[in-house]
């Protein structure tokens, strides 16, 4: 889980610490991961934070080098702790992601021809930081210097399964308007269970 970005569009606020519906974005995504199946290790790439309800088995914390080196550098840092054949790559700013979507992504990535599966919103936009990969394919896709590289570049030359999801599951809180929208919806939806 990527939880260390600069959040420039949020004025540099600690995005994973933003509270939506009484729960931080990070805690909401951790609840979704805990609600999925087959989770062996949860790795959070970003500064260590207090968690409202640490998942069973805890969290392995690490940082990208250099800190703030971007999402591909964060993915590379987190992969050091992964020894499983599949890995979920998730942003910590998806307040309505649930274990159901993570399970559908895992099933998509397990398709024989697939290298990865990614959430796709109703408008056809891929949510690159809501994906499950075959770990070996993700390692092979990483550039030698991952600093500052765009995540979508990892998907070039890959067989990617699209997993359709509703707009709420794909909502990422990148800008103040996104946070406001998430807060409006939060009273109607419990974290990790939509």
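Spot the failing condition for residue 132; the list is (1) within 15 Å of the chain's Cα centre (by Cα); (2) surrounded by fewer than 18 Cβ atoms within 10 Å (Cβ to Cβ), and only one is missed.
(2)
Sort out for me the strands (runs of 3 or more DSSP E) sitting completely within the stretch 72-163 that have 1 or more residues that are touching a residue at least 60 places away in the same chain (Cβ under 8 Å) and within 27 Å of residue 176 (Cβ to Cβ). Walk me through how you get there before you give the answer.
Values: elements: 86-90, 116-120, 126-134.
Ranges flagged: 86-90, 126-134.
Could you tell me whether the stretch 175-193 includes any residue that is under 16 Å from the mean Cα position of the chain (by Cα), part of a loop (DSSP other than H, G, I, E, B), at positive phi and in contact (Cβ under 8 Å) with a residue 12 or more places away in the chain?
Checking the stretch 175-193: at least one residue is under 16 Å from the mean Cα position of the chain (by Cα), part of a loop (DSSP other than H, G, I, E, B), at positive phi and in contact (Cβ under 8 Å) with a residue 12 or more places away in the chain.
Assuming residue 150 fulfils every condition listed in (1) farther than 24 Å from residue 25 by Cα; (2) surrounded by fewer than 18 Cβ atoms within 10 Å (Cβ to Cβ); (3) within 16 Å of the chain's Cα centre (by Cα) apart from one, which condition is it?
With respect to (1) farther than 24 Å from residue 25 by Cα; (2) surrounded by fewer than 18 Cβ atoms within 10 Å (Cβ to Cβ); (3) within 16 Å of the chain's Cα centre (by Cα), residue 150 is out only on (1).
Bear in mind these aren't lab numbers, they're just calculated from the coordinates by the rules spelled out. This one's a predicted model, so the numbers in the text were calculated from it and none came from an experiment. Cβ: placed from backbone, ideal geometry, glycine included. Neighbour counts: every protein chain shown.
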